[in-house]
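Read the structure below first, then the notes.
All of the numbers you see were taken from the coordinates with simple rules; none came from a lab. Model, not experiment: these values are computed from the prediction. With ideal geometry, Cβ positions are generated from the backbone for all residues, glycine too; neighbour counts draw on all protein chains shown.
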Amino acid sequence: AADANNTDAVAATVGTDGASTFMESELGLISWDSYQRKLSSQVHLVGCARIVGISPSGIEHAILDCSTRLVFHCGAAECHGQDEAGDREILCEPMSAFEKRFSSWHVQQLPVSPEHSKRTQERCRSVSCKGQVPVTCCSEHFASWCFSLQSNSNETGFSREQLLYHGANVATSLKTGVAVGVSAACSTTSVTVTTPVYILGVLPWGSATSTVVVPLMSTTAAVGLGAVVFAGGVATGLAMSSAVNWYAARFNAKLSRSLPICVYNRGDEVHLQLRSLQQSSKCSACCDDLVHGVRAYCGAGCRSLVLKNGAVGELNPPCNEVNLTRFLLRAFINGELEDSVEVHRGDVVVHQDGVLRRIPDPESVETPDSKAD
């Protein structure tokens with residue numbers, strides 16, 4: 001979401017009760033199960049994946065090394081405290097053995113870059129050699145730790161965009177506070193002073209008027225005013241950031257129930273963009289794109305991705321899927337449009353040799369449209 005955002009390529013997850021969420025579109029009923037089947041059929045295109053095995057006795061989180069078809073997972077189903085951390089053994093078994101123990105499995109998370117995939121594989125193999133988990137964990141915590149983007153627990157969780165925003169907010173507020181303080185210290189005002197005139201120092205003889213230039217405020221007051229402006233600017237920036245993050249988190253929580261559009265990149269670095277092919281009941285398609293772009297800029301949903309070779313990502317347009325279901329996915333390489341294809345929520349697309357190819361459901365009956373894709 002993101003955190004953002006933005007930042008983990010988390011795939012759809014089926015609930016522990018096995019219930020599936022369905023979305024109605026012009027193509028009929030598209031289920032999370034269908035999306036998972038298409039996603040799993042192309043998982044070999046990435047180095048590794050975080051998967052969840054489902055059996056009548058429960059679920060288990062694991063890491064699948066797609067290059068060797070080995071599954072790494074923790075032997076403990078629940079955490080029992082820091083003192084027993086050393087008793088958590090790491091199991092490494094072939095995918096065929098894992099599939100025999102679990103009636104079904106699905107992809108929960110995919111790497112956001114080849115580097116992320118390589119680091120996850122290295123973590124699994126290094127811990128597997130030691131035979132024990134370095135932290136207190138269960139199978140879910142072990143999979144989360146292996147797939148974490150942070151190299152250690154002491155790193156900050158702020159994204160690059162958040163750090164840039166807060167840095168710019170502090171710098172701008174500081175510049176404004178210094179400018180206001182210096183301006184206040186250098187500002188002057190004119191004061192008219194009337195002085196009585198005496199003859200021989202005794203007899204009053206009218207008055208004399210003069211204009212005196214004096215500072216508008218003292219240096220201490222000017223410094224205080226600058227500090228107040230600086231604090232107010234930082235507070236305003238933090239309030240705006242909190243409001244935007246709250247809106248994005250609330251919108252993304254609602255959007256998490258919608259099927260995303262997954263793209264595997266097997267070619268050169270590509271910039272992907274989504275555009276709506278439909279219009280809502282009140283706005284044109286151009287207005288809808290503008291609204292969706294503002295939402296995505298605030299961190300709600302995702303309408304564009306930049307994928308390196310071997311990377312995978314998910315697009316989740318920030319719109320109401322009941323009204324808008326058809327989108328145009330465009331692929332740009334070096335700023336030039338290479339290909340475009342119509343997509344729907346729940347589609348899995350592979351980009352290779354400058355061509356976007358939709359993946360059909362392995363269990364569905366082939367249609368002329370799927371063959372054309």
Handout entry: Fully extended contour minus Cα-Cα distance, from residue 220 to residue 333, at 0.36 nm per residue
Key = 34.9 nm
Problem - Inter-probe distance in nm under a simple model that places probes 7 Å from Cα toward Cβ, at residue 352 and residue 188 - result: 7.8 nm
Completion exercise
Checking rank on 307-318, 266-277, 186-197, with mean other Cβ inside 10 Å and highest first, the result is 307-318, 266-277, 186-197
Handout entry: Pair residue 241, residue 228: separation of 7 Å Cα→Cβ label points (nm)
Key = 2.5 nm
Handout entry: Cα extents of the range 173-332 along the three principal axes, largest first (Å)
Key = 102, 39, 28
Problem - Stretchable slack from residue 161 to residue 340, in nm (0.36 nm times residue separation minus alpha-carbon distance) - result: 61.6 nm
Completion exercise
the range 240-261 scanned against label point 7 Å out from residue 290 along Cα→C-beta; backbone N under 12 Å for none
Completion exercise
By the Kirkwood definition, with r running over pairs of different Cα atoms, the range 308-356 has a hydrodynamic radius in Å of 12.2 Å
Problem - Ellipsoid semi-axes in whole angstrom, largest first, where each is sqrt(5λ) of the Cα gyration tensor of the range 240-321 - result: 23, 17, 12
Practice task
Measure off 7 Å from each Cα along the Cα-to-Cβ vector at residue 175 and residue 278, then give the distance between these two points in nanometres to one decimal.
Solution key: 4.5 nm
